[in-house]
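Read the structure below first, then the notes.
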Amino acid sequence: MSQSSTEPRTGARRGVADLFTAAGRLAVIPRKPARREQLLVHLTETLFAVDRDYTEREVNELLLTVHEDCAALRRYLVIAGLLSRTRDGSGYRRVTTTR
């Protein structure tokens, strides 16, 4: 069987590693929705534990480890349905999905 029939297209296969600098910082938040979604899933899986509540401050501190615009990343995570937020915005929780 040929490699091209078993592997996804190059854009999907490359993962998110190319979005980060050698120092582990996010170089840029992708504009393309599919690419941004890929990044957000990666951040959710690597930064946030399942079944744990986080304060807004904790979420910001975790996101600041990868990018200075933690507010934008936090907002994108909530909009994408990867983090849930309490009504008053003080608490966050990783959403378990079957993506």
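The values are calculated or read from the model by the stated rules, or taken from the named source; none is laboratory data. Source: prediction; values computed, not measured. A quick note on method: Cβ atoms are made from the backbone with ideal geometry, for glycine too, and the neighbour counts reach across all protein chains shown. When the accessible area is computed, the model is the full protein with side chains, heavy atoms only, and any ligands, DNA or RNA have been set aside. Shrake-Rupley method; radii C 1.70, N 1.55, O 1.52, S 1.80 Å.
Kindly provide the set of residues from the stretch 77-97 that are closer than 18 Å to Arg36 by Cβ and either part of a loop (DSSP other than H, G, I, E, B) or touching a residue at least 60 places away in the same chain (Cβ under 8 Å) (or both), ordered by number.
Ala80, Gly81, Leu82, Val95, Thr97
For (1) touching a Leu at 6+ places or on another chain (Cβ under 6 Å); (2) among the polar types (S, T, N, Q), each residue gets a yes or a no:
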site	(1), (2)
Thr55	no, yes
Val59	no, no
Leu64	no, no
Glu68	no, no
Leu73	yes, no
Gly81	no, no
Thr86	no, yes
Gly89	no, no
Tyr92	yes, no
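Can you work out which of the residues in the stretch 36-92 that are touching a Phe, Trp or Tyr at 6+ places or on another chain (Cβ under 9 Å) and open to solvent by 70 Å² or more (accessible area, probe 1.4 Å) is farthest from Ala23 (Cα to Cα)?
By that ranking, first place goes to Arg85.
Return the residues of the stretch 59-73 that are within 18 Å of Gly24 (Cβ to Cβ) and either part of a helix (DSSP H, G or I) or of a type in the set (A, V, I, L, M, F, W, C) (or both); say none if nothing qualifies.
Answer for the stretch 59-73, where residues must be within 18 Å of Gly24 (Cβ to Cβ) and either part of a helix (DSSP H, G or I) or of a type in the set (A, V, I, L, M, F, W, C) (or both): Asn60, Glu61, Leu62, Leu63, Leu64, Val66, Cys70, Leu73.
Name every residue in the stretch 25-58 that is part of a helix (DSSP H, G or I) and among the hydroxyl-bearing types (Ser, Thr, Tyr), in order of residue number.
Residues satisfying the conditions are Thr44, Thr46.
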